[in-house]
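Working notes, beginning with the structure itself.
The values are calculated or read from the model by the stated rules, or taken from the named source; none is laboratory data. As the structure is a prediction and not an experimental result, all values here were calculated from the model. Quick reminder, even Gly has a Cβ in these numbers, built from the backbone with ideal geometry, and neighbours come from all protein chains shown.
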Ligand SMILES: *Cc1c(COP(=O)(O)O)cnc(C)c1O
C-alpha cells in the first residue's frame, strides 16, 4: 500500500517514508491512497474476538508490504496487551474504556505502536533518531513510555508550562535516560508549532533523523482504528451500527474512527465532542474553519485551537462541508456542564467519568436526544479519572490510584524550561545528544 499527501501534489510514498517524514513536500499530511476493505468473513468472526487478533488483521493490511508477518504479530501482541472493556452505563449508552494501558490514556495505543514500528524501520540505521513530540498532557507520557530505553533514539517532549495536570507532568518528567522533558512558556499550540519547525529545520535534519510522534504521524492513527472494530464486536451479534462519540482535541482519534468506517465497519453518526475550544463545532455550523488560540479547560488534553488532523478528516468526506456534516455531528461543552455530568452519572449509576470522557458523554446524550431514533451509542473514555484528582476534588475523592500512576508519584522530576522561542529550542536540540 502507498501513502499520499492530502494535498495530492507530491508523489505517493511507502509507509516507512510517511512515518519518518510526517509531512509531505507539499506540506500535507499522509493518508493511505485507498483504505483497505475488510472482508465479510472478518466481520462475521468479529464478535468475541480478542483485540490483539482484530488488531493483527486490521494492521496487517497497512503493513504487510513492508514488514514481515512475524514482526506484525509481535508488535500487535505487545501493543494490545491490556483489556479494552465496553461498559454499559444506560440502556443504550456504552463506554469504551481506552485507559487500561501503561500511562492510563488512549494515547498508549498510538505511541506504543509507533515506537515499535519506528524501531523496526530504524534497525541498522546509522544516525541518532530524534523524536520530537508536543503534548497537551497525555501524548508525552505515552510516547516516553513507548520509547524509554530504546537504543539510538532520543525523545524530546515539549509541554506547555503550568497547563498539564501535576500527575501528567510527573508522567512526562520522571523518566530520565533518553527521554528529555522540556517545559515551554506557552500553550500547546505553541509547542506544536515549535515541533513542526524542528521537523522542517535543515541544520537539524543534516545531523540526525528527526521525526514527530504527534498525531500528524500516520503511525499513530493506524492502531487507533482497531478499537472501533473491537467496540462493535463487544455489542455482540446483531449489535447494529452504533454511533461513536469521541472527545476531540487534535482530531486524531475521530479520524481513526472514520477510517474504520471506510474499511467497512458499520456505524451511525460520529459525534465530535469538544470542550470550549470549539473550532470544529463552529466549522459544522458555519462551513468556515478558523483556528484560534486555545483556552484552558479541565479536559486539558483537548485544549487545541488549531486541530492538526482536520485536513485528514475533511478528505475522508470528499473535502465537502455537506458530506462532512452528514458523517459528523459536533457540539461543545463548558467545564461546568462537564462537572455536572460527572456528578449526575455518578449519582445515577455509580460510574465515574474523567473530564474528557464526560465531554464525549455529553455529546452523545445531546445527539441522541436530538435524533430521537433510539440508537445505541458508545462514548470513548480516553483517560482514567485518577489522572484528574484536582479537577474532581469533592466529586470523586475515593478513586483508587492504579499502580501505573502510584509508581510515578514518588519519583523526582527533571525538566528544562525554555521560552516560546525557536532559537532557544534549536540550540537545545543541536547541543544535546
Ligand atoms: C489527546 C486526548 C484527547 C483528544 O484526542 P485527539 O485524538 O487529539 O482528538 C482526548 N482525551 C484524552 C484523555 C487525550 O489524552
Worksheet item: Within region 160-178, how many residues are touching a strand residue (DSSP E or B) at 6+ places or on another chain (Cβ under 8 Å) and surrounded by fewer than 24 Cβ atoms within 10 Å (Cβ to Cβ)?
Response: 4
Item to complete: Please go through region 285-319 and pick out each residue that is more than 15 Å from the ligand (Cβ to nearest atom) and either within 22 Å of residue 212 (Cβ to Cβ) or in contact with a helix residue (DSSP H, G or I) (Cβ under 8 Å, 6 or more places away or on another chain) (or both).
Response: 287, 288, 289, 290, 292, 293, 315, 317
Item to complete: Could you pull out the residue among 338, 389, 382 that is within 16 Å of the ligand (Cβ to nearest atom), surrounded by 14 or more Cβ atoms within 10 Å (Cβ to Cβ) and at pLDDT below 90?
Response: 389
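Residue-by-condition table, conditions (1) within 15 Å of the ligand (Cβ to nearest atom); (2) touching a helix residue (DSSP H, G or I) at 6+ places or on another chain (Cβ under 8 Å); (3) modelled with pLDDT of 95 or more:
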residue: 196; (1), (2), (3): no, no, no
residue: 206; (1), (2), (3): no, no, no
residue: 211; (1), (2), (3): no, yes, no
residue: 231; (1), (2), (3): no, no, yes
Worksheet item: Looking at (1) more than 23 Å from residue 80 (Cα to Cα); (2) surrounded by 15 or more Cβ atoms within 10 Å (Cβ to Cβ); (3) touching a residue at least 40 places away in the same chain (Cβ under 8 Å), which is the one condition that is false for residue 17?
Response: (3)
Practice prompt. Could you grab me the full set of residues in region 258-276 that are near the ligand (Cβ under 10 Å from one of its atoms) and either under 10 Å from the mean Cα position of the chain (by Cα) or not in a loop (DSSP other than H, G, I, E, B) (or both)?
Written response: 272, 273, 274
Practice prompt. Go through the residues of region 127-134 one by one and say whether even a single one is out of contact with any strand residue (DSSP E or B) (no Cβ under 6 Å at 6 or more places or on another chain), closer than 30 Å to residue 163 by Cα and outside any loop (DSSP other than H, G, I, E, B).
Written response: no
Worksheet item: Of the residues that make up region 90-112, is at least one surrounded by 19 or more Cβ atoms within 10 Å (Cβ to Cβ) and at pLDDT below 90?
Response: no
Worksheet item: Is it the case that residue 216 is part of a helix (DSSP H, G or I) and within 16 Å of the ligand (Cβ to nearest atom)?
Response: no
Item to complete: Please find, among 195, 145, 181, the residue that is in contact with a strand residue (DSSP E or B) (Cβ under 8 Å, 6 or more places away or on another chain) and assigned to a helix (DSSP H, G or I).
Response: 195
Discussion item. Take residue 200 and tell me if it is under 17 Å from residue 421 (Cα atoms) and buried (at least 18 other Cβ atoms within 10 Å of the Cβ).
Written reply: no
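Listed here are the residues, each with its yes/no results for (1) under 29 Å from residue 362 (Cβ atoms); (2) assigned to a strand (DSSP E or B).
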position	(1), (2)
57	no, no
116	no, no
137	yes, no
156	no, yes
Worksheet entry | In region 116-145, residue farthest from the ligand (Cβ to nearest atom) [restricted to those that are crowded, with 24+ Cβ neighbours inside 10 Å and free of Cβ contacts under 8 Å to residues at least 60 places away in the same chain] | 144
Response to the item:
Out of (1) in contact (Cβ under 8 Å) with a residue 40 or more places away in the chain; (2) farther than 26 Å from residue 25 by Cβ; (3) surrounded by fewer than 23 Cβ atoms within 10 Å (Cβ to Cβ), the one residue 188 does not meet is (3)
